[in-house]
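Participant: The structure that follows is given in the form of structure tokens.
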Amino acid sequence: MKLNWGHGILIFFVVFFVWIISFVIFSLGENNDLVTKDYYRQGAEYSLKMETDKRSAVYKDSVSIKNGPLGVQVQLATSVATKGSEKKIYFYRPSDKKDDVTLIVPSGQEVVFIAANKLIKGRYNVFISWEIDAQKFIVSKDFVVR
């Protein structure tokens, strides 16, 4: 049998459709936790987030996060630790929401230690939030647990 251009087009379409179907099956099996459940509400409140980030910019260097031999240490500057209400530290893992960790830190505490068994090695976005006089402040940092 001789291969002509009609057979070539047919073979191309068959291979293309097999590739598309396998891509769809592969995509359906992937984890897509990157989008939050309240996506639309967060989009509507984006201007409030921008105002909070602008207000919080002065505290960006007041928070440091370090890996240690037994876990992770979060150091708050005295100016941040003593101001406002209790602090909320949220370790957000973009690749899997099951590995997120939230800690509540009482006002005045400057050093927070998180044991190594609570955090899985990998990349986290860390958000430290608190309120002063009904105004919300949020400091965010990227961090890699080793």
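The values are calculated or read from the model by the stated rules, or taken from the named source; none is laboratory data. Everything quoted here is computed from the prediction, not taken from an experiment. Note that we place each Cβ from the backbone using ideal geometry, even for glycine, and neighbour counts take in every protein chain shown.
Participant: Condition first: in contact with a helix residue (DSSP H, G or I) (Cβ under 8 Å, 6 or more places away or on another chain) and either closer than 16 Å to Lys141 by Cβ or of a type in the set (Phe, Trp, Tyr) (or both). Now tell me which residues in the stretch 50-83 satisfy that.
Facilitator: Hits for the stretch 50-83 are Tyr59, Ser62, Val63, Leu76, Ala77, Val80.
Participant: Being closer than 24 Å to Asp100 by Cβ and among the charged types (D, E, K, R), is that true of even one residue in the stretch 74-83? Before you say what the answer is, go through the steps one by one.
Facilitator: Residues of the stretch 74-83 closer than 24 Å to Asp100 by Cβ: 74-76, 80-81.
From the residues that got through so far, the ones that are among the charged types (D, E, K, R) too are none.
No, the stretch 74-83 has no match at all.
Participant: Another question about this same structure. List pairs: first residue in the stretch 90-108 and over 13 Å from Leu119 (Cβ atoms), second residue small (Gly, Ala, Ser) and assigned to a helix (DSSP H, G or I) anywhere in the structure, Cβ distance under 6 angstrom, at least six positions apart or on different chains.
Facilitator: Filtered contacts from the stretch 90-108: Gly108/Ala81.
Participant: Determine which member of the set Lys83, Lys60, Lys49 is surrounded by 10 or more Cβ atoms within 10 Å (Cβ to Cβ), of a type outside the set (Ser, Thr, Tyr), within 25 Å of Val105 (Cβ to Cβ) and more than 23 Å from the chain's Cα centre (by Cα).
Facilitator: Numbers: Lys60 fails: more than 23 Å from the chain's Cα centre (by Cα); Lys49 fails: more than 23 Å from the chain's Cα centre (by Cα).
Step by step, each of Lys83, Lys60, Lys49 is checked, and only Lys83 is surrounded by 10 or more Cβ atoms within 10 Å (Cβ to Cβ), of a type outside the set (Ser, Thr, Tyr), within 25 Å of Val105 (Cβ to Cβ) and more than 23 Å from the chain's Cα centre (by Cα).
This table checks each residue for (1) surrounded by fewer than 14 Cβ atoms within 10 Å (Cβ to Cβ); (2) polar (S, T, N, Q); (3) at pLDDT 90 or above; (4) within 30 Å of Gln135 (Cα to Cα).
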residue: Ile25; (1), (2), (3), (4): yes, no, yes, no
residue: Leu28; (1), (2), (3), (4): yes, no, yes, no
residue: Asp38; (1), (2), (3), (4): yes, no, no, yes
residue: Pro106; (1), (2), (3), (4): yes, no, yes, yes
residue: Val112; (1), (2), (3), (4): no, no, yes, yes
residue: Ala115; (1), (2), (3), (4): yes, no, yes, no
